[in-house]
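Novice: Quick one: structure below, then a few questions.
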Amino acid sequence: MAKKKNKKNKPTLTAASADRHDLYLKSVQEPSFEVEFFDRVYGDHVGGKPKLLREDFCGTAAVCCEWVKAGDERTAVGVDLDPDPIEWGKANLMNKLSDAQRERIIFLEDDVRNLNGHKADVVAAQNFSFYCFHDRKVLLEYFQAAHANLTDKGVFVLDMMGGSECFQDESVETTNKAGFKYVWELDHFDPITHRCLYHIHFKFKDGTKLPNAFTYDWRLWTLPEVRELLLEAGFSEAVVYWEGADEDGEGNGEFEPAEHGDADPSWICYVVGVK
Ligand SMILES: C[S@@+](CC[C@H](N)C(=O)[O-])C[C@H]1O[C@@H](n2cnc3c(N)ncnc32)[C@H](O)[C@@H]1O
C-alpha cells in the first residue's frame, strides 16, 4: 500500500530554501499548454505535425523538455544568452528525461538574432520575451532572423500582453500559489516611449521574501506594430489568436484567430507569423 504523504512534515518554503527558477516555472509557465498550442497552429497553417522546435529566450528550456517528450521524432533547440537558467534546466528538468529524450535537445548560448543552421518547423518566443528589444530596427532584425531560422514552411509563435492596466505608473498583482505568493509588479510605465519596468517577487508564509527575483526592462509593443513588423520581415500572415471569455468575463484559456477584440484591461494573446 502506498504511504500517504504527511503534509505536516512537508517543510515550509522560505526565502532561504526556495529556488527562484522553480518558483518562476510554477508561477508563469505551462509548457504542456504551449506544446499543444504550437501543434495546433502548425496544423492550422502548414498541416501535419512539426518535428523541430527552436525555443528562443528559452531560459530553463522547460518547453524544449516538454516538446521532446511529445514524440520520438521530435528535436528541440533552446537559445538563451544567459548560461544560468540553461544550467538550472539541465540539472532540474533535463535530468528527468530519458537518455534518448535528452539527446534530442541542443542548447545554444547565443543571441536569438543569430542564425545557426538549425531550420525549425516552429520558432517560439514565450512570456513576452521579445519585449526586451526596445527599438523597431532591432525587433525587425529579430523577426527576420526568426523567419530565416524556419524551414520553407513553418510558424513563428509569439505571445503578447497588454491592456489599459499596463498604462499605469505602478501596480501590484499578487497570486497565491502552493506554499508561496507570486507578485507581479509594474514599477513604471512611460507613455511616450512605452518603456516599462516589471519585477517578479516571491513571498513566503514565514514572512521572508525574494524581492526582485526577476526584473524586466521592456518596451510594451502593440499588436498593430508587431503584425506590421512580421509582414515586413517576410511572413505571409500575422494571425492574432485572441482569448475567449467565460461567463464571468474572465479569460477561458481558449485562443482563436481574430481580427477584432474587446478592450480588456489586461489581456494576453498569441501572434503567429506564418512562413
Ligand atoms: C522572460 S525570460 C523567458 C523564459 C522562458 N522562455 C519563459 O517562457 O518563461 C527571458 C529570457 O530571455 C533571455 N534573453 C534576453 N535577451 C536575449 C537575447 N537577445 N538572446 C537570447 N536570449 C535572451 C534571458 O536571458 C532570459 O532567460
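Novice: If only one of N252, N212 is closer than 21 Å to F57 by Cα and either among the basic types (K, R) or assigned to a strand (DSSP E or B) (or both), which one is it?
Specialist: Among N252, N212, only N212 is closer than 21 Å to F57 by Cα and either among the basic types (K, R) or assigned to a strand (DSSP E or B) (or both).
Novice: Separate question: Just checking, which of D246, D206, D187, D169 is of a type in the set (D, E), in contact (Cβ under 8 Å) with a residue 12 or more places away in the chain and either over 30 Å from D84 (Cβ atoms) or in contact with a helix residue (DSSP H, G or I) (Cβ under 6 Å, 6 or more places away or on another chain) (or both)?
Specialist: D169
Novice: Taking the condition of being outside any strand (DSSP E or B), aliphatic (A, V, I, L, M) and in contact with a helix residue (DSSP H, G or I) (Cβ under 7 Å, 6 or more places away or on another chain), how many residues in the range 227-243 meet it?
Specialist: Of the residues in that region, 3 qualify.
Novice: Whether any residue in the range 118-129 is more than 14 Å from the ligand (Cβ to nearest atom), within 21 Å of Y42 (Cα to Cα) and modelled with pLDDT under 95 is what I want to check.
Specialist: yes
Novice: I'd like to know if the range 43-61 contains one or more residues that are at pLDDT 95 or above, surrounded by fewer than 20 Cβ atoms within 10 Å (Cβ to Cβ) and over 29 Å from F255 (Cα atoms).
Specialist: Checked against the condition, which is being at pLDDT 95 or above, surrounded by fewer than 20 Cβ atoms within 10 Å (Cβ to Cβ) and over 29 Å from F255 (Cα atoms), the range 43-61 yields no hits at all.
Novice: What helices (runs of 4 or more DSSP H), lying completely within the range 53-155, carry at least 3 residues that are not hydrophobic (A, V, I, L, M, F, W, C)?
Specialist: Fully inside the range 53-155 and qualifying: 83-92, 99-103, 136-148.
Novice: Report every pair of residues separated by at least 6 positions or lying on different chains whose Cβ atoms are under 8 Å apart, first residue within the range 95-124 and under 27 Å from R136 (Cβ atoms), second away from the ligand (no atom under 15 Å from the Cβ) and among the polar types (S, T, N, Q).
Specialist: Once the first residue is under 27 Å from R136 (Cβ atoms) and sits in the range 95-124, its partners that are away from the ligand (no atom under 15 Å from the Cβ) and among the polar types (S, T, N, Q) give K119/T151; A120/T151.
Novice: Across the range 62-81, what is the number of residues that are within 12 Å of the ligand (Cβ to nearest atom), without any contact (Cβ under 8 Å) to a residue 40 or more places away in the chain and either crowded, with 24+ Cβ neighbours inside 10 Å or among the charged types (D, E, K, R) (or both)?
Specialist: Qualifying residue count for the region: 5.
Novice: Pairs please, first residue from the range 138-164 and among the polar types (S, T, N, Q), second anywhere and in a strand (DSSP E or B), Cβ atoms under 8 Å, 6+ apart in sequence or on different chains.
Specialist: So the pair list comes out as N149/R54; N149/A120; N149/V123; T151/L52; T151/A120; T151/D121.
Novice: Does the range 167-183 hold any residues that are of a type in the set (S, T, N, Q) and in a strand (DSSP E or B), and which are they?
Specialist: Those that are of a type in the set (S, T, N, Q) and in a strand (DSSP E or B): S171, T174, T175, N176.
Novice: Looking at (1) in the same structural domain as I86 (by TED's automatic domain parsing); (2) modelled with pLDDT of 95 or more; (3) in a loop (DSSP other than H, G, I, E, B), which is the one condition that is false for P191?
Specialist: P191 satisfies all of (1) in the same structural domain as I86 (by TED's automatic domain parsing); (2) modelled with pLDDT of 95 or more; (3) in a loop (DSSP other than H, G, I, E, B) except (1).
Novice: Taking the range 259-275 only, how many residues are surrounded by fewer than 19 Cβ atoms within 10 Å (Cβ to Cβ), part of a loop (DSSP other than H, G, I, E, B) and within 21 Å of the chain's Cα centre (by Cα)?
Specialist: So the answer is 3.
Novice: Same structure again: Take the residues of the range 24-42 that are assigned to a helix (DSSP H, G or I) and within 12 Å of the ligand (Cβ to nearest atom): which is surrounded by the most Cβ atoms within 10 Å (Cβ to Cβ)?
Specialist: Restricting to residues being assigned to a helix (DSSP H, G or I) and within 12 Å of the ligand (Cβ to nearest atom), the top hit is E34.
Novice: Let me ask something else. From (1) surrounded by fewer than 16 Cβ atoms within 10 Å (Cβ to Cβ); (2) away from the ligand (no atom under 14 Å from the Cβ), pick out the condition that doesn't hold for Q101.
Specialist: Status for Q101: all satisfied but (1).
Novice: More than 30 Å from K10 (Cα to Cα), away from the ligand (no atom under 15 Å from the Cβ), not assigned by TED's automatic domain parsing to the domain that holds D44 and not in a strand (DSSP E or B): is that true of P224 in this structure?
Specialist: When the stated conditions are applied, P224 does not pass them.
The values are calculated or read from the model by the stated rules, or taken from the named source; none is laboratory data. Small disclaimer: the values here were computed from a predicted structure and weren't measured. Here Cβ is always computed from backbone atoms with ideal geometry, including for glycine, and neighbour counts include all displayed protein chains.
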